[in-house]
Structures are given as C-alpha cells and as structure tokens.
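Data block below; observations after.
The values are calculated or read from the model by the stated rules, or taken from the named source; none is laboratory data. The shown structure was predicted, so the numbers you read here are calculated from the model rather than taken from an experiment. Backbone-built Cβ (ideal geometry, glycine too); neighbour counts: all protein chains shown. Accessible surface areas use protein heavy atoms only, side chains included; no ligands, DNA or RNA. Shrake-Rupley method; radii C 1.70, N 1.55, O 1.52, S 1.80 Å.
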Amino acid sequence: MTALAGLRAAPGLDAYLEALEERLEAAVATHRGVVAEVGAEALQAGGKRLRPLLVFLATPPSGQPNVAAAAAVELVHMATLVHDDLIDGAAFRRGHVSAWQAFGPAAARAAGDYLFARAFAELAATGDPRAVSTLADAALCLARGEAVQRSQTHDPDTTIDAYLERCALKTGKLFEAACLLGGGRLGAFGLHLGIAFQIVDDVLDCSGETIETGKIAGTDLREGTPTLPLILAAREDDSVRTALAGGPLDGALIRVAETGALERSRVVALEYTQRARACLDGHLRRDELEALTDAVVDRES
C-alpha cells in the first residue's frame with residue numbers, strides 16, 4: 001500500500017503507532033501459556049493496522065486518539081484471522097504458517113477466543129460503555145457474516161446484494177466501529193470503505209497472485225465462496241459456475257479473468273470508495289482519509 005506512505009506525515013501518527021504496538025504486545029502477553037504464544041505469533045506476523053489507522057484519522061484533531069480502542073479493534077481483527085484460518089483450513093497467513101497448523105486446532109480456537117477476550121478487556125478498562133457496545137455490535141456482525149458465508153457456500157446463484165450484505169457484516173462493520181471508536185462521525189465512511197476493501201480482496205484472490213492476507217490465489221473458488229468476481233463470472237461461463245458449485249476447477253480461474261469480471265468488480269469497489277468520500281465533506285482530515293481510500297483500491301496485495 002504505497003499510497004499510505006503519505007499518511008506518515010500526519011502529526012502524531014508515528015508516536016501513536018508506536019504506542020499501539022506496545023499496547024498490543026502487553027495485551028497479548030497478559031496471561032502466559034500457549035494462547036499468549038499463539039497471539040504473539042499472530043502479532044509478529046504484522047499487518048497494515050488499517051483499523052487502528054481509522055481510529056486515529058477519525059479522531060477530531062483537537063482530541064487525543066484512543067490507543068486502547070485502537071488496540072481493541074485490532075485484537076478483534078486478529079482473532080477473526082486466527083478463527084478464519086481454522087475454519088477454512090488455511091495453511092498460511094501473511095507468509096507464515098497459520099496458528100492451527102503450528103499449534104493445533106484446539107490451541108488456535110482457544111487463542112482466537114483469548115484475543116477476543118483481551119480486546120474487550122482493553123476497551124472495558126477505559127470505562128466507556130458506549131465504546132464497548134460499539135465493538136460488541138461489530139463482533140456480533142462478524143459472527144453473523146461468517147454464518148451467512150457458510151450458508152452461501154457453493155451457491156453460484158448468490159445475489160450481488162446478498163454478497164454485499166456479507167461484506168458489510170464481515171468487513172465493513174469493523175471498519176465502521178474503528179471510525180466510531182475514534183470519537184468522530186465517520187461511521188458511514190468506514191462502512192463503505194470496508195466493503196470496498198473486501199471487494200478488492202476478493203478480486204486479488206482471483207488475480208493469480210498470493211495476496212498479503214496470506215490467501216493463495218483461487219482460494220475462494222476452491223472453497224466455493226461466492227465473491228463478486230466469481231458471481232459475475234458464473235453468470236457468463238459454465239465452467240466457473242460448475243467450479244463454484246463444487247465441480248472441477250480446471251481452467252476456471254483463468255476463465256474468471258477472461259469474462260471481465262475482475263474489472264467490473266473493481267468498478268463496484270470504486271463506487272463504494274466514492275460513497276465513502278461523500279461522507280468527508282468538511283472533515284479536517286479529508287486529505288488523509290481520501291489517501292486511505294486510494295490505498296484500498298489501488299493495492300496489489
């Protein structure tokens with residue numbers, strides 16, 4: 001995400017990110033044992049820290065960014081990655097062996113639960129019940145989104161609206177929560193940006209590259225997860241439709257690109273970034289937030 005480099009000039013951001021990493025390390029290390037070890041591995045794997053960045057940018061310039069809230073939202077995100085890898089049987093995450101592969105399914109399940117618990121402990125310590133409620137609502141949406149995804153598996157007739165609803169639940173709501181935890185009024189911005197982020201992720205999964213999230217290209221097709229490019233391609237190509245429904249995969253990923261579904265999906269992602277930008281009228285950090293939307297859609301990983 002080279003477009004994010006310009007954000008480093010934002011006053012106070014470097015100090016904030018340093019404090020964030022220290023807080024995350026302390027939160028994960030609170031209780032010794034295998035769950036803390038798995039959590040530490042997940043933390044060391046790194047990441048873009050997009051959600052904490054949203055907390056920072058959504059905070060009014062006159063205010064103080066809430067590092068505890070930023071740590072909490074990132075811990076929830078980390079917990080979902082650990083659990084998702086276990087559910088999906090993913091062997092790698094960001095170039096590292098996934099938690100369940102390294103430590104076993106039981107340890108990974110417990111570690112994901114631990115990270116969720118540490119997230120809410122961090123936020124509860126601030127004494128802000130509204131913040132706890134905001135993150136709890138987002139966590140509930142994550143669970144609902146996972147259930148929706150399971151119900152849509154191997155269904156090439158999944159509608160675009162149903163797919164977008166799933167994106168909102170699984171990704172958009174946590175972006176929204178990050179913005180709300182910043183104390184500003186940018187919840188809608190976060191929701192639209194999160195949906196755009198997920199669409200781009202799903203395009204990258206079909207692009208023939210191993211994306212930064214650690215997913216090997218074609219994972220969604222192999223697992224029968226109906227994403228926007230796969231839904232669009234399945235409408236035009238029988239081989240993609242058959243593969244998405246659980247049939248043979250031979251050549252189907254190449255056919256997705258040949259239908260033009262990747263380009264059309266990127267157009268939808270751009271539409272959501274435009275919706276996000278429309279929420280920024282008069283915002284004092286508009287330039288930085290617009291740079292963030294550019295980084296989301298222009299990334300190659």
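Would you work out what percent of the accessible area of the chain, with all protein chains in place, is carbon or sulfur (probe 1.4 Å)?
Values: 6720 of 12810 Å².
Ligands and nucleic acids excluded, carbon and sulfur reach 52 percent.
Just to verify a number: FRET efficiency for LEU140 and ASP238, C-beta to C-beta distance, R0 = 41 Å, to 0.05? Please report the intermediate quantities before stating the final value.
Details: r = 38 Å, r/R0 = 0.94.
Efficiency at R0 = 41 Å is approximately 0.60.
Using the alpha-carbon atoms, what tilt in degrees (0 to 90, nearest 10) does helix 105-124 show relative to the longest principal axis of the chain?
With both axes taken from Cα atoms, the answer is about 40 degrees.
Return a whole-number percent for the relative contact order of the chain, with Cα pairs under 8 Å and 6 or more residues apart as the contact set.
Contact order relative to length: 20 percent.
Over region 167-207, give the accessible area per residue in Å² for a 1.4 Å probe, as an integer.
Numbers: 890 Å² over 41 residues.
Accessible area per residue: 22 Å².
First measure r as the distance between the Cβ atoms of GLU258 and GLU165, then evaluate 1/(1 + (r/R0)^6) with R0 = 30 Å and state the FRET efficiency to the nearest 0.05.
Working: r = 28 Å, r/R0 = 0.93.
After rounding to 0.05, the efficiency reads 0.60.
For LEU284 and ALA188, compute 0.36 nm times the residue count separating them, minus their Cα-Cα distance, and round to one decimal in nm.
Numbers: separation 96, 0.36 × 96 = 34.56 nm, distance 1.65 nm.
Value of the extension gain: 32.9 nm.
Taking the alpha-carbon set of the chain, what are its Rg and Dmax in Å?
Cα radius of gyration and Dmax of the chain are 18.8, 57 Å respectively.
Which loop-located GluC sites (Glu not before Pro) does region 175-284 contain, where loop means any DSSP state but H, G, I, E or B and the Cβ has at most 13 other Cβ atoms within 10 Å? Can you show the working numbers first?
Numbers: sites: GLU176, GLU209, GLU212, GLU223, GLU236, GLU258, GLU263, GLU271; in loops: GLU209, GLU212, GLU236.
Sites meeting the loop and neighbour criteria: GLU209.
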